[in-house]
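What follows is a set of notes on a single structure, which appears directly below.
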C-alpha cells in the first residue's frame, strides 16, 4: 500500500485570500490549451491566428465552468437543484461535471464558429486535441483534494484517502493517465496528419467515452447515487457509453459517408 501524500489543498494564502490547487489546475489546463493552440496555429496554412486561439480558449473556459456546474446539478444533484435553484450558484460547495462541461464547450465552439465564419466541424477538430491536457490537470486537482477516490482494493498501489478507513484505488490518477495523457497523445498524433472533416472530434468523443467507462469500474460511485443500473453501472458510465456510440457513428460518417464535408456548417449559415 502506498502512502497518500498529505497536500494542503490551499496553494497560496494571503490573509483572507486563499488560492486552491484545484483552481490552479484549471488555470494550467486553459494555459496548456492556449499554448498548444498557438503551436498548431503556427503551422503552414493553418487558417488560424493567435487572437482567434485566445478567443476560442476564453470562450471554451466559460463553457467548461458554466456547463460543468450546470451539468453537475442536472446530472448528479438534481433533487438539490429542485429544492433550491440557488444551489446552482454555491460553487464553493464543489461539484463539476465533465459531461456538462463538454456540452458547454460545444455551445462555445458553435458560437465561436458563427462569429468567425469558420466551419463548425473544422473548429471542433482544431479544439479537440487541446482539451485532454486540461482534463489531466483537473484529475490531478481531484487527487490533491483527496476526492473522487476509487473503490476499496488490496493492490500494492492502493491508498487510504483522507476521511477513509480502507485502502482504495487512486482512480483520479487512472483518469489522469487515460482520459488525460493517453488521450492527449492519441489525438495530438492522430490530428498531426490530414483527416476527414470531424474525424478528430469523433476520435476525442470515442476515446474519452472508452477511457472514462473503463475507469469507472475502479472509481467509487457517488455516495448519494450509487449504481444507477444493473448493480454495476455508475452515472459516469451512463453518460459516457453514449459517447462511445456517438464517436463511432461520427467516425463512420467521416470516413465512409463524407457527411461533414458535404454538409459543413459555417457561422453565417
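Points to keep in mind about this one:
- Binning the C-alpha pair distances of region 10-262 at 5 Å intervals from 0 yields a P(r) profile of 1, 6, 11, 17, 19, 17, 13, 8, 5, 2, 1, 0 %, listed from the shortest bin outward.
- Note on region 1-64: Rg/Rh from Cα positions, Kirkwood definition for Rh, rounded to two decimals, is 1.19.
- Going by neighbour counts of Cβ atoms within 10 Å, the residues 190, 26 line up, fewest first, as 190, 26.
- C-alpha center-to-center spacing [region 123-166, region 1-15] in angstrom: 15
- By average C-beta atoms within 10 angstrom, highest first, the peptides 58-66, 157-165, 215-223: 58-66, 215-223, 157-165
- Normalising the average separation of contacting C-alpha pairs (under 8 angstrom, six or more residues apart) by the number of residues puts the relative contact order of the chain at 20 percent.
- By the count of other C-beta atoms within 10 Å, a proxy for reagent exposure, 72, 252, 208 are ordered fewest to most as 252, 72, 208.
Read the figures in this text as sums done on the coordinates, not as results from a lab. All values derive from a computational prediction rather than experimental measurement. Heads up, the Cβs are rebuilt from the backbone with ideal geometry, glycines too, and the neighbour counts pull from every protein chain shown.
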